[in-house]
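Report on one structure; see the data block that follows.
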Amino acid sequence: MADIDHLREKFLKDIKAARDLAYLNEVKVAALGKKGAVSAELSKLGQMNSDERKEAGQLINSIKQELISALSERQIVLARQALQEKLNTEKIDVSLPSRPSVQAKMHPISRTMEEISAIFSDMGFVIAEGPEIETDENNFTALNIPPEHPARQEHDTFYLQPDEYGERPVLRTHTSPVQIRTMRSTSPPIRIIVPGRTYRSDHDATHSPMFHQCEGLVIGPNIHMGHLKATLIDFCRTFFGLDELPVRFRPSYFPFTEPSAEVDIGCNRDGGGLKIGAGEDWLEILGSGMVNPRVLENCGYDPATTQGFAFGMGVERLAMLKYGIPDLRTFYDTDLRWLHHYGFMPHDVVGLHTGLV
Ligand code: DAH
């Protein structure tokens, strides 16, 4: 029995001396583990007579219980200590200056295209797309601009290498070829809006070789000029957020529409500045017209039963007018200071009911 008392003393001392949980666990295994000292003592019981066994058994078990509670008390103390140490070393200095936050901004062109799309989506238009490398046929011929047509000269076209049939693909000079693609691949009714990139070999203060347009096309039975006018008046007033914005339709010419009209909005240039919505002056903002019967025929439609209207607008110009951006070239300068000034918070969702207008 001296042995067992000695073990008790030793383990209680070890438990007291434990400075961390890992060491305490070693003590626990040495004392109470399967191959530990207490188990070894218990295994000796088998060799004793029943009186001895009863006495020794009780003693060993009471020591076992004593060690178990000593271990768990010590464990609580050490765990608390470990937590305290962790809290001490992981202290946060709330007086430190914060890291500068880098806020990404949405480019005004992306924003303007989203705004235009949102307005037309609300009117039931869906978004259509086409490739930026187009066939001559889609970009020109099917739109009633044959090779000798003078309108071709106005589109300072970027031509690509001819293919094996001698056809020269082009970088699309406008979004109008998506009209052809859509009419040839679907059937009426059609109500699409086409925001996208376009290219012309033109570079000065008011022209960039890459720019953006938004095309619109509506095709169906009995579509007439009244639909065109109402749609575009509504668009202009919503886009600029001016219910009374004067909108004028001025006769014009485009090969793919007949009749054609350019759309002007009322503005005031008094005093050098430009104020949209009031005054005697007019500002052209988009082209439009009834789809030319030849274009309908080129797409396999019968102009006697199917009509439509189309329109196209320059996104840069609309963005400049709405957001007071004076120089077109700055859109593509990738100047972060400019973007911070003219850009939009990305999570400002564009929508008719969320402060778009
Ligand atoms: N494609 C014309 C351009 O780039 C814009 C345009 C005018 C598109 C009239 C149309 C339209 O759909 O009907 O200048």
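Tabulated results
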quantity: Dimensions (Å) - region 108-356, Cα atoms, principal axes, largest first; calculated: 51, 42, 36
quantity: Exposure proxy order (Cβ contacts within 10 Å, fewest to most) of Glu129, Glu244; calculated: Glu244, Glu129
quantity: The chain: most fluctuating residue of Gly279, Gly343, Gly57 per GNM, C-alpha cutoff 10 Å; calculated: Gly57
quantity: Charge tally in the Cβ shell below 11 Å around Ile119, where Lys, Arg are +1 and Asp, Glu are -1, Ile119 excluded; calculated: -3
quantity: Amide H contacts of Phe158 (H built 1.01 Å from N, under 5 Å, at least 5 apart or other chain); calculated: Leu171, Ser201
quantity: Angle between the chain longest axis and helix 50-89 axis [Cα atoms, degrees, rounded to 10]; calculated: 40
quantity: Protection-proxy order for peptides 191-200, 205-214, each taking the mean of Cβ atoms within 10 Å per residue, highest first; calculated: 191-200, 205-214
quantity: Residue-count net charge about Met345 - beta-carbon cut-off 12 Å; Lys, Arg +1, Asp, Glu -1; calculated: +1
quantity: Low-density loop positions, trypsin sites (Lys or Arg not before Pro), region 69-147 - DSSP coil, at most 15 other Cβ in 10 Å; calculated: Lys91
quantity: Coil-residue chymotrypsin sites (Phe, Trp or Tyr not before Pro) of region 117-174, DSSP, other Cβ within 10 Å capped at 15; calculated: Tyr165
quantity: Overall dimensions of region 2-89 by Cα: Rg and Dmax, Å; calculated: 15.5, 58
quantity: Estimated 222 nm signal from helices in the chain, with DSSP H stretches of n ≥ 4 weighted -39500 (n - 2.57), rounded to 500; calculated: -12500 deg cm²/dmol
quantity: Highest-MSF residue in the chain out of Asn61, Asn292, Asn138 [GNM, Cα springs under 10 Å]; calculated: Asn61
quantity: Net charge of Cβ neighbours under 13 Å - reference Leu318; Lys, Arg +1; Asp, Glu -1; calculated: -1
quantity: All lysines inside 28 Å of Lys229 as judged from Cα atoms, apart from same-chain residues fewer than 8 positions distant; calculated: Lys275, Lys322
quantity: Inter-probe distance in nm under a simple model that places probes 7 Å from Cα toward Cβ, at Met345 and Glu90; calculated: 3.2
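Read-outs throughout are calculated quantities, based only on the coordinates presented, and are distinct from any laboratory measurement. Just so we're clear, the structure is a prediction, and the values are computed from it rather than from any experiment. Note that we place each Cβ from the backbone using ideal geometry, even for glycine, and neighbour counts take in every protein chain shown.
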